[in-house]
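Some notes on the structure that comes next.
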Amino acid sequence: MFETLGFEETTPRLASLYFALALGLGFGVLAQLTRFCFRRALIGEDRRQAAGIWALALAVSVLGTQAAVTQGWISFDGHRLLASELPLLAIAVGGVMFGSGMVLTRGCISRLTVLSGTGNLRALLCIGIFALVAHATLKGVLAPLRSLLGGYTVQLGDYATLAALPGGAPLWSAVIVLPAFWLALRSQNSALALLGGAMIGALVPLAWVTTGFVLFDEFDPIAMESLSFTAPMSEGLFYVIASSALPAGFGPGLIGGVLVGALLTALLRGDFRWQSFDSPRQTGRYMLGASLMGFGGVLAGGCTLGAGLAGISTLGVAAPLALAFIALGGIVAHRLLRDGSSAAASLSAGSPATPAPQPAE
């Protein structure tokens, strides 16, 4: 469609950069306002409210994406999320690692990117480490290990998508959407908070349609992309250190837009404040968590947005598996940290164990 829009100086890649900046700006604003975070939805003190917002975003993303597929605007045939060979071992190991890492850093990579724009230096260090490890896993010294783990696959054939199962896309979309709506309605969120979650979900099909249909040019093709942070972080890192060799595209634009959107929102609301580490021990914990997320995110095929929110909207089998293993890793890591902290507090105080206080985001 791109060639019919009449642009003479703008290429699809450059147009995707501008679009990604706007998309990231919108996500940064909405995620800051709603405190959108999968970790909070999983183990946070206000997990009921956080889960409601996340679930509504998922429902809207699935509905919007599958509506676009039905209209014939986009197709996921041949997309990596619907690959016939499922790298089950990589998804399992990577998902657990990512989930553990997001607990250690008190936020998944999308949340840490938003927090970086609010003056949180802990989050800023984490996204730098995440980008470095993710890039090393995709194209650097950790790539052989990635290839080794990714070599253990399960052949799915035509059943790499839920749409191939009995009932097709309509039934399986309903299986995802209806419970998500029910969870959102019971979450006791305000209408404004739920609206923010719905708008985040709408960004997913907007991105799929824009990159896969509006900007499609058979003579200058670009990848069809949506909200994701693993590959874009890697691309953003490479652009920062080698911008003269590689022009910016969707990935760097998305990350830059999120940072700017979160920063502007924090400044306007008076939420911007510098925050740093309390101790070397805490620094080491966050660095470990960021490293686990960087390696695990690549193995699992994406983060809680790329393999979760956007991935599930494709109805691919790999995405819900990845999110399930991320959740498993997060829950196990949370319990281990909680039990360890409680035991340490009990020994030092000589009194019954009580949950240790958690640092603020």
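Fully extended, how many nm does the chain gain between L328 and V154 (0.36 nm per residue separation, minus their Cα-Cα distance)? Walk me through the numbers before you get to the answer.
Numbers: separation 174, 0.36 × 174 = 62.64 nm, distance 2.08 nm.
My answer for the length gained is 60.6 nm.
Across the range 58-197, Cα pairs under 8 Å and at least six residues apart give a relative contact order of 37 percent. Working from the Cα coordinates of the range 50-173, the gyration tensor eigenvalues give, after taking √(5λ), semi-axes of 30, 23, 13 Å in decreasing order. Please work out whether the range 104-220 counts as rounded, prolate or oblate from its C-alpha gyration tensor, where a ≥ b ≥ c are the square roots of the eigenvalues and a/c under 1.5 means rounded, while otherwise a/b larger than b/c means prolate and anything else oblate? Because a/c hits 1.5 or more and a/b fails to exceed b/c, the range 104-220 counts as oblate.
Note down, for the range 166-321, the three equivalent ellipsoid semi-axes (square root of 5 times each alpha carbon gyration tensor eigenvalue), biggest first, whole angstrom.
28, 25, 18
How tilted is helix 191-209 with respect to the longest principal axis of the chain? Cα atoms for both, answer in degrees (0 to 90, nearest 10). That works out to roughly 40 degrees.
Take the convex hull of the alpha carbons in the chain; its mean projected area over all directions comes to 19.8 nm². Loop-located chymotrypsin sites (Phe, Trp or Tyr not before Pro) across the range 145-222 with a Cβ neighbour count of 15 or fewer within 10 Å are Y152, F219, with loop assigned by DSSP.
Take the range 102-224 with all the other protein chains still there, run a 1.4 Å probe, and you get 46 Å² of accessible area per residue. Per residue, the chain reaches -21500 deg cm²/dmol at 222 nm when only DSSP H runs of four or more residues are counted, each adding -39500 (n - 2.57). Taking every alpha-carbon pair under 8 Å whose residues sit at least 6 apart, the chain reaches a relative contact order of 37 percent.
Considering only protein heavy atoms and a probe of 1.4 Å, how much of the accessible area of the chain is carbon and sulfur, as a whole percent? Carbon plus sulfur share of accessible area: 67 percent.
The values are calculated or read from the model by the stated rules, or taken from the named source; none is laboratory data. What you are looking at is a predicted structure, and each value in this text was computed from that prediction instead of being measured. Counting neighbours? That spans all protein chains shown, and the Cβs are built from the backbone with ideal geometry, glycine included. Each accessible area value is taken on the protein alone, full model and side chains, heavy atoms only, with ligands, DNA and RNA left out. Shrake-Rupley method; radii C 1.70, N 1.55, O 1.52, S 1.80 Å.
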